[in-house]
Amino acid sequence: MSSLGHVPTRVKSKRTEVRLGAERDHFDKQQLSSISKAINSTEIPVKEKHARRIILGTHREKGAFTFWSYALGFTFPSSSILCWKFCHVLHKILRDGHRNVLQDCTRHYSSMVEIGEIWGNLHDRYGQLVTLYSKLLCTKLKFHTKHGDIPANLEITDEELERAAGTDINNVFQLSVEVFDYMDAELRLAETVLRQLNSSLAMTTLTSSQCRLAPLIQVIQDCSHLYHFAVKLLFKLHACLPADTLQGHRDRFHDQFHKLKNFFNRAKEMIYFKRLIQIPKLPESPPNFLHAASLAKHVKPVVVIPNEDEPEMQDDDDDEPEPLIEVDNVTTSSVTTSSVQAQPQQVDIFDQTFGPPNGGFDDRDLQIETLKRELELLRAELERVKAEAQRYITQLKSQINSLEAELEEQRAQKQRALVENEQLRMELEATRRRNTEHESLQTTFIEAEKRAQATEQRYNKLKEKHTELVSSHAELLRKSADTVKMLSVTQQTQEEVERTKQQLTFEMDRIKQESDMKMEEQRFEVERVKRELEEKMAEVTRIKATLQSSEKTSEQINSSMTALQTEKERLMRSVSEKEAELSSLRQTAQLQQSSLQQERDKTSRELGELQGKLKEKTSQEEKMKQKLLEEQFALLQGTITEAETIIQDAIAKLDDPLHIRCTSSPDYLISRAEAALGSIDKVKKGHADYLRNMSDAGTLLRSLTQFSHLTADTIVNGSATAHMAPTDHADKLTENCRSCGTQSLLFLGEMKSKATLQKADPATIRIIIQKILHLGQELRPKGLDIRQEELGDLVDKEMAATSAAIEEAVRRIDEMMSQARKDTTGVKLEVNERILFSCTDLMKAIRMLVIASTDLQKEIVEGGRGAATIREFYAKNSRWTEGLISAAKAVGWGATEMVESADKVVLHTGKYEELIVCSHEIAASTAQLVAASKVKADRHSKKLTKLQHASRHVNEMAANVVASTKTGQEHLEDKDTMDFSGLSLIKLKKEEMESQVKVLELESILDNERLRLGELRKKHYEIAGVPLDQLAEGNGETSSLVNPVTMSPKPLKPSLMKKPPLAQKPNIPPKNQFAYSFK
């Protein structure tokens, strides 16, 4: 029985859990129904009742967990309309749902991005819209997540916006950029929707068009707030940052303003929007952010949703209204039992299991059923109350928006009035300042006009005297020394005037001090007399008092009166005397003062005369200085005229037929161009000095004279060099020389006039002369690419390198001989030894030749350098030096090649012909070295004779190498005996014809090789810098030794291009083609 007493408590808790679970199931079912009806693939707009139920569901569960749990089950890739309506519902939930919806949606940010990427890659009209809508929602999530103070519906006051922006101007700048990005995403979506639809009245009535247009209501609401944010933030930025920094912000805002205004105007024309939303009107032009007062004219755009209920037809499968009130909060006393409708009684699970309590029907069950019915009625009533409250709220919001708009307008008017008042005050202050400035400017203008008149008069006088100065120019040049003397005398006179002036000033001060002292003495004397008179008067007063007091004794009075009378007379006389003395002193003082005034006037007149003389002397000195400046400028003009004549003469030579025969070397042209560049620097320095001190034009005159001569020299030598240059280089060089002369004349013309003297600049002439210098460097032979200061060291280095190469060759030949003695025997050993011995002798002869050439070279340098150094001598004779270097390189190279060829012949991997050719190359190289040394040697020099003997010895040794090579070749070659005994006449004729064919083939090959050899030599001379017209006329003749200036770095090769006579018999060998080189 004790356990049965606790059964009702457990039953009650269990029933509460069951009821709450049922309510949760009912809520989930209703949310699922609303979500499935709002988000589907049917091309109709989302019904407001379904969206409102989803939004109320977010407020009930304080988040969007249920919405996302059902939404993630949709197959978004299957239908673009389904994705479009999902984005629409999500946009409404973000705006009007619970504040925690933002956090729940942020968790599914990647899903939204994925939806946009899926439909962005597909060509579908709704797919394009879904991509833009997903980007908009992602931008919205990022913006509101970063700025948590700004709600998702963007409804905040200006004060809250100020707090969200903060005081840091960098944060305000960043926030403005993010607002612009937010607005761009909204406008891109709106523009794409309107572009896909025809804005005619007929189209907006279709459900397919309304499906696209429905989300634009939320876009309009967002855009109105974003536009207000942008205006506020830009005015705040312009108050803190310069206007140039914000030029990009202003351009971007103006673009968004025109797009938003166009979007609002097109939306107003559509019937669909007229019954759903009241679109605000934007101003005709964007605000002027450069004028702070324009903020007062800004009116916040307010979007109003009209108070119009959507006709919601209850579907057949719609669920019951959502329970929004907890059961525990309902009181049973508010509903009467008579209004409760009969409902089928539900059997409790506990009653089915344990049976009804007390064996029958319980009254509490009846109360529970009654309460349930009352609860259902209260829910219905609450729904009606909520709907009515929602209507009232909408009406109140519209009234609040209108009142806020009026209040904003009143504030704007007040602000405009304050701004206008401030503007009027500023204009008044500016007017006063302008009046003051006008008066000062008028006074300044009058003074300037007076000065201009005086200047005009002085100019007329100077103009009159200009002709006299021009005529007396020659005389002034002769009197220059006299002018200096006069200036010194003038300075002495000026010093004397200054001393006289100081003496007069000192005398005036002394006289003034004396007169002041006399006046002080007279004033002191007058005061002393006055004091005595006052004392006498006081004494008289005392006497009178004594007389009055002693009236009793008449006798005494009479006697005393007599005495007093006498005393009085005496005193009166003394007073009159003092007064007379005082008047005389006054007259004397007046006379002295008048004489002092006369002396002052006289001194003033003398001082004025002296000042006049001083001014006259100063004016004369200024005139002399002006004359000196004019003389200096006249000298400058004369020098410039002479310079122009020199340059014009040089330009005239460019077209002179007689000048065509004149030639010049590129090196000389380079030296003249470099000197001209140096003179340009001196001209610039002299020009700057003359502008600082125009009384001394000496430096400028000297530099202009040098400049004209060097420039003319450059032009003439450039033209002469062009006569020997290729056509392209000649045309460029001539054109640059002509341009140099033209620009030089223009520069001299600017220097000749005072108006253009300041801006005269020879920079253009420098550029043209640098081009001429560059062309001269291009025209230099290709072998002259070594700097001249390195030539002296390079000669010694090449000679030392040649000696080292020869010693190395001797060493290697010795090694080859030792190896040949080990590896070969008999005839081969004899042949190899003979060849190697001849090579060794040749190397020794070459070594003696190099030593003799070095000794002769030292003798030439010591005899020709004079006081200059060895390096300077080599630099001065650069062509000869480069010839020596080329010959030394050729000798060293030939020795190395000969050793390589001998090594190959000994090892039977090379040809005997290679060794013969190397011998000829060495002979030619030594001849080149002898010729290069002989150019500057004394004809009677003993060392020259020694060098020539060494050269002949080298030729003999080279001939020995050729002879030993041919002899060895003949010994080693196997010659078959020709046996023609078994051949008939026909066969012999046939063999003869085949032999002739073979001879012709070999001749053809020989001709081709000779042509190739000629082209190779031609290219060799071209690279070495030798003109082709200096080569030998015949292809088969050995070219004579060219001037050492154009010596090639490689030796000349003997000719192989002479065609030998046709062999008549196959067994007769041809004549030796190389023997002539050693005859």
Look through GLU798, GLU815, GLU790, GLU735 and report the one residue that is within 30 Å of ALA852 (Cα to Cα), modelled with pLDDT of 75 or more and surrounded by fewer than 21 Cβ atoms within 10 Å (Cβ to Cβ). GLU815
Looking for whichever is in contact with a Cys (Cβ under 6 Å, 6 or more places away or on another chain) and either of a type in the set (Asp, Glu) or modelled with pLDDT under 70 (or both) here; the options are GLU956, GLU872, GLU897, GLU913. Which one fits? GLU897
Pairs under 8 Å by beta carbon, first residue in contact (Cβ under 8 Å) with a residue 40 or more places away in the chain in region 389-400, partner open to solvent by less than 100 Å² (accessible area, probe 1.4 Å) and among the charged types (D, E, K, R), six or more apart or different chains? ARG391/ASP309
Residues in region 28-78 that are closer than 24 Å to THR207 by Cα, assigned to a helix (DSSP H, G or I) and of a type in the set (D, E, K, R): how many? 5
Scan region 895-921 and report the pairs whose first residue is open to solvent by less than 60 Å² (accessible area, probe 1.4 Å) and whose second residue is among the small types (Gly, Ala, Ser) and at pLDDT below 70, with Cβ atoms within less than 7 Å and a gap of 6+ or a chain change. SER901/GLY910; HIS920/SER1077
With the structure loaded, tell me whether LEU102 is farther than 17 Å from ILE39 by Cα, hydrophobic (A, V, I, L, M, F, W, C), part of a helix (DSSP H, G or I) and modelled with pLDDT of 90 or more or whether it fails that test. yes
Within region 406-465, the count of residues that are surrounded by 11 or more Cβ atoms within 10 Å (Cβ to Cβ) and of a type in the set (Lys, Arg) comes to 5
Could we say that LYS463 is at pLDDT below 75, assigned to a helix (DSSP H, G or I), over 16 Å from GLU621 (Cα atoms) and under 57 Å from the mean Cα position of the chain (by Cα) here? yes
Hits in region 750-778 - residues which are in contact (Cβ under 8 Å) with a residue 40 or more places away in the chain and either in contact with a strand residue (DSSP E or B) (Cβ under 8 Å, 6 or more places away or on another chain) or among the small types (Gly, Ala, Ser) (or both): ALA760, GLY776
Check region 253-265 and report whether any residue there is buried (at least 18 other Cβ atoms within 10 Å of the Cβ) and touching a Lys or Arg at 6+ places or on another chain (Cβ under 8 Å). yes
Qualifying residue in region 177-185 (condition: open to solvent by less than 40 Å² (accessible area, probe 1.4 Å) and out of contact with any helix residue (DSSP H, G or I) (no Cβ under 9 Å at 6 or more places or on another chain)): no
Among (1) open to solvent by 60 Å² or more (accessible area, probe 1.4 Å); (2) modelled with pLDDT of 75 or more; (3) more than 30 Å from THR824 (Cβ to Cβ); (4) not hydroxyl-bearing (Ser, Thr, Tyr), which single condition is GLN928 missing? (1)
Pairs needed: first member in region 213-224, of a type in the set (Ser, Thr, Tyr); second member anywhere, at pLDDT below 95; C-beta distance under 8 Å; at least 6 residues apart or different chains. SER224/PRO280; SER224/PRO301; SER224/VAL302; SER224/VAL303
Tell me yes or no: at least one residue of region 140-151 is among the hydrophobic types (A, V, I, L, M, F, W, C) and buried (at least 21 other Cβ atoms within 10 Å of the Cβ). no
For ASN153, are the conditions met, namely being within 27 Å of LEU194 (Cα to Cα) and touching a residue at least 60 places away in the same chain (Cβ under 8 Å)? yes
For TRP68, the lone unmet condition from (1) of a type in the set (Phe, Trp, Tyr); (2) surrounded by fewer than 22 Cβ atoms within 10 Å (Cβ to Cβ); (3) free of Cβ contacts under 8 Å to residues at least 40 places away in the same chain is (3)
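For (1) in a helix (DSSP H, G or I); (2) open to solvent by less than 60 Å² (accessible area, probe 1.4 Å); (3) hydroxyl-bearing (Ser, Thr, Tyr); (4) at pLDDT 85 or above, each residue gets a yes or a no:
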| position | (1), (2), (3), (4) |
| --- | --- |
| LEU610 | yes, yes, no, no |
| GLN626 | yes, no, no, no |
| ILE640 | yes, yes, no, yes |
| GLN648 | yes, no, no, yes |
| LEU658 | yes, no, no, no |
| ILE670 | yes, yes, no, yes |
| GLY678 | yes, yes, no, yes |
| VAL683 | yes, yes, no, yes |
| THR699 | yes, yes, yes, yes |
Answer with yes or no whether GLU178 is assigned to a helix (DSSP H, G or I) and either within 26 Å of ALA296 (Cα to Cα) or hydrophobic (A, V, I, L, M, F, W, C) (or both). yes
Of (1) open to solvent by less than 70 Å² (accessible area, probe 1.4 Å); (2) closer than 28 Å to ASN401 by Cα; (3) assigned to a helix (DSSP H, G or I), LEU154 satisfies all except one. Which? (3)
It is to be established whether one or more residues within region 269-283 are closer than 29 Å to VAL172 by Cα and aromatic (Phe, Trp, Tyr). no
Could you check region 985-1013 and list, in sequence order, the residues that are of a type in the set (D, E, K, R), at pLDDT 80 or above and surrounded by 12 or more Cβ atoms within 10 Å (Cβ to Cβ)? GLU1003, ASP1007, GLU1009, ARG1010
Take the residues in region 112-122 that are open to solvent by 40 Å² or more (accessible area, probe 1.4 Å) and touching a Phe, Trp or Tyr at 6+ places or on another chain (Cβ under 9 Å); name whichever of them is nearest to ILE55 (Cα to Cα). GLU114
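The values are calculated or read from the model by the stated rules, or taken from the named source; none is laboratory data. Quantities reported herein were computed from a predicted structural model and do not represent experimental measurements. Positions of Cβ are backbone-derived with ideal geometry, glycine not excepted, and every protein chain shown enters the neighbour counts. What goes into the accessible areas is simple: the full protein's heavy atoms, side chains included, and nothing from ligands, DNA or RNA. Shrake-Rupley method; radii C 1.70, N 1.55, O 1.52, S 1.80 Å.
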